[in-house]
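The values are calculated or read from the model by the stated rules, or taken from the named source; none is laboratory data. Keep in mind that this is a model prediction, so the values were computed, not measured. So basically every Cβ, Gly included, is an ideal-geometry build from the backbone, and we count neighbours across all protein chains shown. Side chains included, ligands, DNA and RNA excluded: accessible areas come from the protein's heavy atoms. Shrake-Rupley method; radii C 1.70, N 1.55, O 1.52, S 1.80 Å.
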Amino acid sequence: MATASKKRIWYWDILRIAAMVFLVIRHSATATFEFVPTLGADWWVCNVYGSLSAWMVPVFMMISGASFLDPGRNITIDRLYKRNIFRMLCAFFFWAVFYAFYNTFSGQDLTDSFAEMVFQGHFHLWFLPMIIGMYILTPLLRTVTSNRRATYMITAVTAVTGVIVPFLQDMGWFLDNTLITGTHHFGFFSSYVCFFFVGYLLHNIEITPGVRKVIYAVGILSTVIVFVGTYLLTVRDGAHNEDMQADNNLFTALQGIAIFVFAKYRLSRTEFKAEHQKLILDISKLTFGVYMIHVVLLALLDKFGFSPLTYPAVYMIPMLILFVLPMSFFLSFLVGKIPLLGRYIV
């Protein structure tokens, strides 16, 4: 298989920025999704935002897979543990302690002890133990990419166990087996292995213009299916159901594939000026901190009554996004300036 050039691949940075922007949009819109009146006006507004932004986790994983599985990159076990895994561990425990303190002193009705909150992590910190697991597996996964057939086989198997079977279960068309698809079980983790390999393949294989058009059409159609499917599952269950917007849902994965391919072919051949390269790189470096910080901003705003539960979602969600997004980038920049600590937690 072809290997990536050693020059910086700017479409990865742009995709990372876009995915983080849409993650903040998603959390701003769907934090109260299940609490607003089901099928009411606010529910539909949340559904629009949620359906348009459901692709971001698959894309994050595809970027990582395209980068870490590239046999042309010198990625040693020593570097993985001392640089990547160590940083993720530092970030997890710092922010887990931070959010445990926030939860303790913000007057919330707590059911877990402080220690439990630290070791479990705040809800959005689930991504860090998962990516640590992927980093641990990376040396093994990299040996697979030297064999084209094995790469396709593992991608296909993990797509079935981690994406297709869970989707069929959500639809009620397949036996529910939590050993295969329960959270933190084989299917849950294999979906991210799948996205890792999909990102590597999409980056390295050449896709013809005709196939690209089909991929884009499928991506657009998938967005409609996610939106309509969320409604249909909610009607079916008689209660709020956003399984169609899950990270490992079949159609959110197809959304992610379409966006990844679009970015590759529209941006990878673009020659960015030096000042634009610096801007892209500077913003891209802030995205990790944005992920850590934006949740506490949303929580504080909610505490003071700024949420779709208090004001109409059609007005409140854009206001939340316009405040939380730039403020998260700004705070990420400030925290990154903390001597010694900043480089490990944002």
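When the helices in the chain are scored as -39500 (n - 2.57) per DSSP H run of 4 or longer and the sum is shared across all residues, what 222 nm value do you end up with, to the nearest 500 deg cm²/dmol? Mind dumping the intermediate values first?
Working: 15 runs with 237 residues, N = 346.
Counting only the DSSP helices, I get -22500 deg cm²/dmol.
How many nm is it between the label spots at LEU39 and TYR152, if each spot is 7 Å from the Cα in line with the beta carbon?
A separation of 4.6 nm, rounded to one decimal place.
Kirkwood Rh, segment 1-152, all Cα pairs: how many Å?
18.3 Å
At 1.4 Å probe size, what's the solvent-accessible area of ARG73? Round to the nearest 10 Å².
Approximately 70 Å² for this residue.
Pairs to check: LYS213/LYS264; LYS303/LYS337; LYS7/LYS337; LYS7/LYS285. Give those whose C-alpha atoms are more than 25 Å from each other in this structure. All intermediate terms of the calculation are to be shown ahead of the outcome.
Values: LYS213/LYS264 13 Å; LYS303/LYS337 28 Å; LYS7/LYS337 27 Å; LYS7/LYS285 17 Å.
Listed pairs above 25 Å: LYS303/LYS337; LYS7/LYS337.
Would you mind working out the magnitude of the charge dipole of the chain relative to its Cα centre, with +1 at each Lys and Arg C-beta and -1 at each Asp and Glu C-beta, to the nearest 20 Debye?
1800 debye
Along the charge dipole of segment 1-104, which of ALA41, MET61, TYR11 sits closest to the positive end, that is, farthest toward it, with unit charges on the beta carbon of Lys, Arg, Asp and Glu (+1, +1, -1, -1)?
Of the listed residues, the answer is TYR11.
Could you tell me what fraction of 2.2 N^0.38 Å the Cα radius of gyration of the chain comes to, as a two-decimal ratio? All intermediate terms of the calculation are to be shown ahead of the outcome.
Numbers: Rg = 20.1 Å, N = 346, 2.2 N^0.38 = 20.3 Å.
Scaled against compact globular proteins, the figure is 0.99.
Sort HIS124, HIS27 from largest to smallest accessible area, using a 1.4 Å probe on the heavy atoms of the protein chains. Let's see the in-between values first.
Details: HIS124 0, HIS27 35 Å².
The ranking, largest first, comes out as HIS27, HIS124.
Per the Kirkwood treatment, what hydrodynamic radius in Å, one decimal, follows for segment 83-182 from the mean inverse distance over all distinct Cα pairs?
16.6 Å
Where in the chain lies the longest segment free of GluC sites (Glu not before Pro) that are both loop residues by DSSP (not H, G, I, E, B) and have at most 14 other Cβ atoms within 10 Å?
Result, exposed sites excluded: 35-205.
Taking a ≥ b ≥ c as the square roots of the eigenvalues of the Cα gyration tensor of segment 202-333, is the shape rounded (a/c under 1.5), prolate (a/b larger than b/c) or oblate?
Verdict is oblate for segment 202-333.
Please report the Cα spread of segment 192-243 along all three principal axes, rounded to whole Å, starting with the longest.
45, 26, 9
When 1/r is averaged over all different Cα pairs and the result inverted, which Kirkwood radius in Å belongs to segment 265-346?
14.7 Å
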